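Notes follow the structure.
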Amino acid sequence: MMEIRIHGRGGQGNVVAAYLLASAAFEDGRYCQAFPAFGAERRGAPVVAFVRVSGKPILQRNEVKAPSFMIIQDETLLHEKGLTDGLKPDGGILINSSLDPAEISRRHGIEMIAIPATQMAIEHVGRPVPNVALLSAFLEMTGLLTHGALKKALEERFSGHVLDNNLRLAHQAAKAVGKDLWKEKADAASA
């Protein structure tokens, strides 16, 4: 079973990201779970969402404490104490940032892959919601699920020009990262 923790701020589509990833897993014939954890329910407050994907039924119902991967939708969250606690030693962090990945990794003492997901979202969707770009990049790097499954999940949630814009965004984000960069990590986490 693969466990993913998604960190963001209220209004960034953090919970939607978790549900889209779980929907894509379902479309690919996997078992899945997605659920959020809220503190203060207000725009800008830190929000955490959890996703589990497995080839077998999932019996756990608790928060993800030891994720294989983390997706961080807002780089200002890196200053939150304990943000990366529990990340498996061979895990990976994908972050929404326009900073150079080597620089952001050096600053925080942990390796990360960064893409400017908010900028991409503004360009394609017209709103600063980085979730679809980050999910697409994550799938491209891990090979966990197909992009076709993400497309179906997007089609269930959006329509018309909003869907078209999100599909273009997903395509651009996938091209922004190395294909199968984290494939070995993902295979090991799923084994």
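The values are calculated or read from the model by the stated rules, or taken from the named source; none is laboratory data. This structure is a prediction, so every number in the text was calculated from the model and none was measured. We place every Cβ from the backbone using ideal geometry, glycine too, and count neighbours over all the protein chains shown.
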Just one of A137, A170, A117, A133 is modelled with pLDDT of 95 or more and under 20 Å from R30 (Cα atoms); which is it? A137
Which numbered condition L154 misses (of (1) part of a loop (DSSP other than H, G, I, E, B); (2) at pLDDT 95 or above): (1)
Does L167 satisfy the criteria of being touching a helix residue (DSSP H, G or I) at 6+ places or on another chain (Cβ under 7 Å) and in a loop (DSSP other than H, G, I, E, B)? no
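For the stretch 180-191, state whether one or more residues are of a type outside the set (A, V, I, L, M, F, W, C) and either touching a Leu at 6+ places or on another chain (Cβ under 8 Å) or part of a strand (DSSP E or B) (or both).
Going residue by residue through the stretch 180-191, those that are of a type outside the set (A, V, I, L, M, F, W, C) are 180, 183-185, 187, 190.
Now drop any that are not either touching a Leu at 6+ places or on another chain (Cβ under 8 Å) or part of a strand (DSSP E or B) (or both), which leaves 190.
So far as the stretch 180-191 goes, yes, one or more of its residues are of a type outside the set (A, V, I, L, M, F, W, C) and either touching a Leu at 6+ places or on another chain (Cβ under 8 Å) or part of a strand (DSSP E or B) (or both).
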(1) more than 24 Å from C32 (Cβ to Cβ); (2) under 15 Å from the mean Cα position of the chain (by Cα); (3) in a helix (DSSP H, G or I) all hold for R106 apart from (2)
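Considering only the stretch 136-151, state which residues are part of a helix (DSSP H, G or I) and surrounded by fewer than 20 Cβ atoms within 10 Å (Cβ to Cβ).
Listed by number, the residues that qualify are H147, G148, K151.
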Specify the residue that is farthest from the chain's Cα centre (by Cα); the eligible residues are those in the stretch 55-91 that are among the β-branched types (V, I, T) and in a loop (DSSP other than H, G, I, E, B). I58
